[in-house]
Amino acid sequence: MDKLLLYIDQAWWKITGVILVFSTLFTGLLLPVPALPILHETIRNLYFHVPMWMAMLVVFKISIYGSLMYLRTGDQRYDLLSLECVKVGLFFYILGLLSGMLWAKYTWGAYWSNDPKQNSAAIGALLYSAYLVLRNSIEEEQKRGRIAAIYNIFAFPIMIVLLFVLPRMTDSLHPGNGGNPAFGKYDLDNGMKLAFYPAMLGWSLIGVWIATIRFRIQMIDYYQNTIN
């Protein structure tokens, strides 16, 4: 844990995240995009919608690390790390849902069309919301940490199945699902790649940064309560 805290203090990856996100705002909004039917200028949402999901996945993976380490060591700090990563991951999850709904309105005709991808994403959001409800329902610290850690470890692969497996097994309007080709296969030109890939990395780093800030706040409260 001490090595982890030392790494968190390093500034280079935080600066990198900020630079990449700001560069994406300029390149993503100013560079030309392919003239595609239906999508038109809405394809620029790709620079924000997909990176929100990527940031969510990265932070959720760190939460799994925290849960595993808590079960191994019983160190309460790992439980706090896992908790804050889940909160931040759920925040980016909701941003991904909202940006997807906005995109769907202009391409599919409605914010919510009961598409398998949308329904699966909604179930996944409820799955992680239940994690927070579960934690709040258990008062004893160690019992809460163990149960929450086990729940979190199993929730992640279930969420992966909901988002990336089940929608591919049925008809779906979403690119990359239900037989529809993903964007990268037919319309992600070099100009879009210049904005898209930095956005993926940049928002992921910002997500981790937000999680570390929340984790440090929780650590301060934890140490204060331990002393008192």
Expected vector for region 134-146, Karplus 3J(HN,Hα) from phi with 6.51, -1.76, 1.60 and θ = phi - 60°, integer Hz, x for Gly and Pro, equals 4, 4, 6, 8, 10, 8, 5, 4, 5, 5, 4, x, 5
Placing each pseudo-label 7 Å from Cα in the direction of the beta carbon, Tyr65 and Tyr106 end up separated by a distance in nanometres of 3.6
Here the gain from full extension of Ser129 to Gln76, 0.36 nm per residue of separation minus their alpha-carbon distance, amounts to 17.0 nm
Rounded to one decimal in nm, the spacing of the 7 Å Cα→Cβ label points at Ile147 and Phe26 is 5.2
Charge tally for neighbours of Tyr70 with beta carbon under 14 Å away, counting Lys, Arg as +1 and Asp, Glu as -1, is +2
Once phi for every residue in region 147-163 is put through the Karplus expression 6.51 cos²θ - 1.76 cosθ + 1.60 (θ = phi - 60°), the whole-Hz ³J(HN,Hα) values, with Gly and Pro written as x, are 5, 5, 5, 5, 4, 5, 4, 7, 5, 4, x, 5, 4, 4, 5, 5, 7
Residue by residue through region 207-212, the couplings from Karplus 6.51 cos²θ - 1.76 cosθ + 1.60 with θ = phi - 60°, in Hz, x for Gly and Pro, are x, 5, 4, 4, 5, 5
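Give me the Å³ per residue figure for the convex hull around the C-alpha atoms of region 1-160. List each step's numbers first, then the result.
Values: hull volume 18.2 nm³, N = 160.
In region 1-160, the Cα convex hull volume per residue is 114 Å³.
Taking 0.36 nm per intervening residue step and subtracting the Cα-Cα distance, what contour gain separates Thr170 from Ile15 on full extension? Intermediate results must be reported in sequence, preceding the final value.
Values: separation 155, 0.36 × 155 = 55.80 nm, distance 4.18 nm.
So the chain would gain 51.6 nm between Thr170 and Ile15.
Readers should treat all values here as calculations from the given coordinates under stated rules, not as data from a laboratory. Note that the coordinates shown come from a computational prediction; the quantities given were computed from them, not determined experimentally. Cβ sites come from the backbone with ideal geometry, for glycine too, and all protein chains shown count toward neighbours.
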